Amino acid sequence: MLILGCVLGLLACGRANADWPEFRGPHGDGHVVTESGNQPVQLPLSWSETENIAWKTPIPHKGWSTPVVMDGLVWLTTAATDGHDFYAIAVDASTGKIRFNKLLFHSEKPEPLGNNVNCYASPSPAIEPGRVYIHFGSYGTACLDTATGAVIWERTDLPCRHFRGPGSSVVLIKDLVILTMDGIDLQYLVALDKKTGKTAWKTDRTAEWNDLGPDGKPIADGDYRKAYSTPLITEVGGKPMMISAGAKAIYGYDPRTGDELWKVQHNGQGNAAMPIVGHGMAFVSTGFSTPEFLAIRLDRARGDVIPAKNIVWRTKKGAPKMPSPILLDDLLFMLSDQGVVSCLEAQTGKELWKERIGGDYAASMMLAGDRLYCLSQDGKATVLKAGRQYQQLAKNVLASGFMASPAASGKALYLRTKTDLYRIENNAVKTSASK
């Protein structure tokens, strides 16, 4: 049987369900849960610059990483716009005051981003009691003590030409920190020992590249080999399985060893959306070029799988390239980069409704109870009812746009805009630190 979410990682890390320990929350699926783990919280439905804001804290430099929350601290990353300096920041969850602002890495010759979408601090951290794991792709990875901000270990020897900037976030399972390095020159996953930072395993991608030019070299400098997606760890048949979307292929790995279990070839690249699982299937976006959304049967996935046998359904309509989807029971919700929200029957792929909510989107959706939160690049936050019929519940605006995905802890939303971090809570009164 398929168990939803990062079950093994949750048990091993001892996460607090009310907190937000990784990019897509406690279960890696964008769902908000309470301390009991089974009841939705009543997060704010409406807010503005003057309503329901507990505090607003300017974040220096530039970063798109999603905040992680635990033990009264909100951790996030940022980097100089020129890519020379890389920082970890911890904000007091109650007051909004910055507790730590630590310079971790310096690069003399950072590679130009090559676009205006990504930045140098897009990978989200991961946190567990006492430790937070900070990642900037090939520019550096570090483990910090959350009480003191001291560096426990660091790595700067994991090569990868990101070309358009790093994007894949940190994933934890048991005693391992798993990183995804999909660059234009090298494409691999690597697991580091949590205690020491030493390499536990490293696995190269095995996609069949079809991007060679007449000279035998990859066209566009290998840009079609890049990807940004974060893996999801789940359980299939009583064993852990890691679903990872790369350029030209979607993979299943054993996260304990890095062994490749299966892969599905596709024609996409630049994947950023994180997979989700349910009903015995993995739901995965193929990314840019020819975006598709696939439902892959997992219990029969072995080796180079045959699409006709293992792909239950596929669609090109509304397929997201960057925002990660949401699964609620038998309803699958997708948000396209261009602001089209679709609701599908998860087991069949049948479209139930589709609506354009406006704006461009990079942030992944979040689900709290039956509310879907959608954050646009221009600062608009649309809240929808997660149901079989379309229903808009609220539309809110903050002063700067969203690239980072939302986080939640307790009854509070933590929203990172391009310039600030907000704590949003019903009936909140601004603290003096946020004025």
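The values are calculated or read from the model by the stated rules, or taken from the named source; none is laboratory data. All figures in this text were calculated on a predicted structure; none of them were measured in a lab. Virtual Cβ from ideal backbone geometry, glycine too; neighbours counted across all protein chains shown. Areas reflect the complete protein model, heavy atoms only, side chains present, ligands, DNA and RNA absent. Shrake-Rupley method; radii C 1.70, N 1.55, O 1.52, S 1.80 Å.
If you scan region 218-242, which residues turn out to be open to solvent by 10 Å² or more (accessible area, probe 1.4 Å) and within 19 Å of residue 184 (Cβ to Cβ)? Passing the criteria: 218, 219, 220, 221, 223, 224, 225, 228. Scanning region 212-271 for residues that are more than 15 Å from residue 164 (Cα to Cα), in contact (Cβ under 8 Å) with a residue 12 or more places away in the chain and among the charged types (D, E, K, R) turns up 235, 239, 248, 254, 256, 259, 260, 263.
Scanning region 389-404 for residues that are under 15 Å from the mean Cα position of the chain (by Cα) and either over 24 Å from residue 71 (Cβ atoms) or open to solvent by 10 Å² or more (accessible area, probe 1.4 Å) (or both) returns 402, 403.
A single entry from 345, 355 fulfils the requirement of being among the acidic types (Asp, Glu) and under 30 Å from residue 400 (Cα atoms): 355. The set of residues in region 23-75 that are in a loop (DSSP other than H, G, I, E, B), modelled with pLDDT of 95 or more and of a type in the set (A, V, I, L, M, F, W, C) comprises 23, 45, 47, 59, 64.
Each row is one residue, and each column tells you yes or no for (1) in contact (Cβ under 8 Å) with a residue 60 or more places away in the chain; (2) out of contact with any Cys (no Cβ under 6 Å at 6 or more places or on another chain); (3) among the hydrophobic types (A, V, I, L, M, F, W, C).
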position: 160; (1), (2), (3): no, yes, yes
position: 163; (1), (2), (3): yes, yes, yes
position: 174; (1), (2), (3): yes, yes, no
position: 179; (1), (2), (3): no, yes, yes
position: 182; (1), (2), (3): yes, yes, no
position: 196; (1), (2), (3): no, yes, no
position: 200; (1), (2), (3): no, yes, yes
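Could you tell me which residue of region 112-147 is farthest from residue 157 (Cα to Cα), considering only residues that are surrounded by 18 or more Cβ atoms within 10 Å (Cβ to Cβ) and charged (D, E, K, R)? In this case the residue turns out to be 128. Of the numbered criteria (1) touching a Ser or Thr at 6+ places or on another chain (Cβ under 6 Å); (2) outside any strand (DSSP E or B), the one residue 180 fails is (2).
Could you check, for region 228-240, whether at least one of its residues is part of a loop (DSSP other than H, G, I, E, B) and among the aromatic types (Phe, Trp, Tyr)? There is at least one residue in region 228-240 that is part of a loop (DSSP other than H, G, I, E, B) and among the aromatic types (Phe, Trp, Tyr).
Residue by residue through region 338-370, note down the ones that are open to solvent by 40 Å² or more (accessible area, probe 1.4 Å) and either in a strand (DSSP E or B) or within 21 Å of residue 32 (Cβ to Cβ) (or both). 351, 352, 354, 355, 356, 370, listed by residue number.
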